[in-house]
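The values are calculated or read from the model by the stated rules, or taken from the named source; none is laboratory data. No experiment lies behind these values; they were computed from the predicted model shown. Cβ coordinates were reconstructed from backbone atoms using ideal geometry, including for glycine residues, and neighbour counts include every protein chain displayed. We work out accessible area using only protein heavy atoms, side chains counted, and drop any ligands, DNA or RNA first. Shrake-Rupley method; radii C 1.70, N 1.55, O 1.52, S 1.80 Å.
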Amino acid sequence: MTMEFQAKMSFSISDEDKKLYDKYGIPAIELANDGEFLAAVKLIDKILKQNPKCEFALLLKANYLFNHVNHNLEFDEISPESIDKIRKQAEGFKEQLEECINLINKALKINPKNKDAKGLKDFIEKNSLKEVNNLIKSAKDTKQRLSKSSSGMDAKVICPYCKKEDVMIKVKKTNDEYNCPNCNKTFLAIIGEVRGARGLGGYVAHTVTIRLRNIEGGESVINYYSGYQGNEFRSGDMIGAIYKKGWLSGGYGSKPAYIINWTTGLYSDKL
C-alpha cells in the first residue's frame, strides 16, 4: 500500500465564495473527517458547478479523491481468478489520481505559490500514481502470460538423456513432463520467470533457492544443493530447470540435470 500523506491544504476564500464554503465546504470537510471522501466530493462538485475556478473547491476535491484512493490502495495477489477485477480497479484509481493532478494544476494557475498544492501533486506523481501504473503493467503482463499458456509457448531444450539439441516442446504450465522425440524418454521441466535467487555463490556445499513466477499464475520454488559458484539468475530471466529420472529409483532427482536461461542464452549443467 502506498505511503500515508497528511495534506494540510492552505487556500484563500473570496467574499464571493464564502457562502459556498459555508453551505457546502464545511459539511464536506466534516464528511471527509469521518472517512466519507466520495460523499464529500459530491458536495464539492456543487461548488464547482457554480464556480469552476474556485480555488478551495479544486484543492479540497483533489485532496478527497486522493485520500479515497490512498485508503483503498490494497489489492489481493494477482491470480488467474482476480486479474481482470484488479486491473479494472487499478485503472479506475488511475483515472481518479489523474483527475487529482488536473484539479491541482487548475488551482495552481489561480495561485502558483501554493506550496501545499505542489507538495500533494508531487507525492501523487511519485508514489500513488507510480504504484498504480506498476500494478496495471503487472496485471497486463500476467494476463499476457496466461493467454500464451492457454495455447502453449514454444521452447527449445536439450534432452537430458541423449543430449539431442533443439528439442521443441509446447509449454502450457510451469511444471510438466515431456518426451524426447529421439530417445523417447520422459523428462521433467520447471519453467518460469525468476523472481529471486539465493545461494548462487560459494564453493562449500549449500542450498540454492530460485523463486519462479509460474506461467499459469502463482509461484514455484526450485531447491538443490550446490558447490558451484558460476551461475547467475536475475529477476525477470525466463529459465527452465530440466530433470531426468534416476537409473534405479525411476523418480526425478532433487537436482536438475541442467538449467537453461532463455533470456541470457546460457546453458548450465554445472550446478
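Listed here are the residues, each with its yes/no results for (1) open to solvent by 20 Å² or more (accessible area, probe 1.4 Å); (2) at pLDDT below 90; (3) touching a strand residue (DSSP E or B) at 6+ places or on another chain (Cβ under 7 Å).
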{"residue": "Tyr64", "(1), (2), (3)": "no, no, no"}
{"residue": "His71", "(1), (2), (3)": "yes, yes, no"}
{"residue": "Glu74", "(1), (2), (3)": "yes, yes, no"}
{"residue": "Arg87", "(1), (2), (3)": "yes, yes, no"}
{"residue": "Glu95", "(1), (2), (3)": "yes, no, no"}
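Checking each residue in region 212-233 for being small (Gly, Ala, Ser) and under 15 Å from Ala189 (Cα atoms) picks out only Ser220. In region 234-252, the qualifying residues are those that are among the small types (Gly, Ala, Ser) and farther than 13 Å from Ile190 by Cβ, and the one that is modelled with the lowest pLDDT is Ser249.
Within region 1-26, residues that are modelled with pLDDT of 75 or more sit with their Cβ atoms under 7 Å from residues that are charged (D, E, K, R), at 6+ positions apart or across chains, in these pairs: Tyr24/Lys46.
If you go through region 37-59 one residue at a time, do you hit one that is modelled with pLDDT under 80 and over 26 Å from Glu91 (Cα atoms)? Step through it out loud before you land on a result.
Start the filter on region 37-59 by keeping residues that are modelled with pLDDT under 80, which leaves none.
No, because not a single residue in region 37-59 is modelled with pLDDT under 80 and over 26 Å from Glu91 (Cα atoms).
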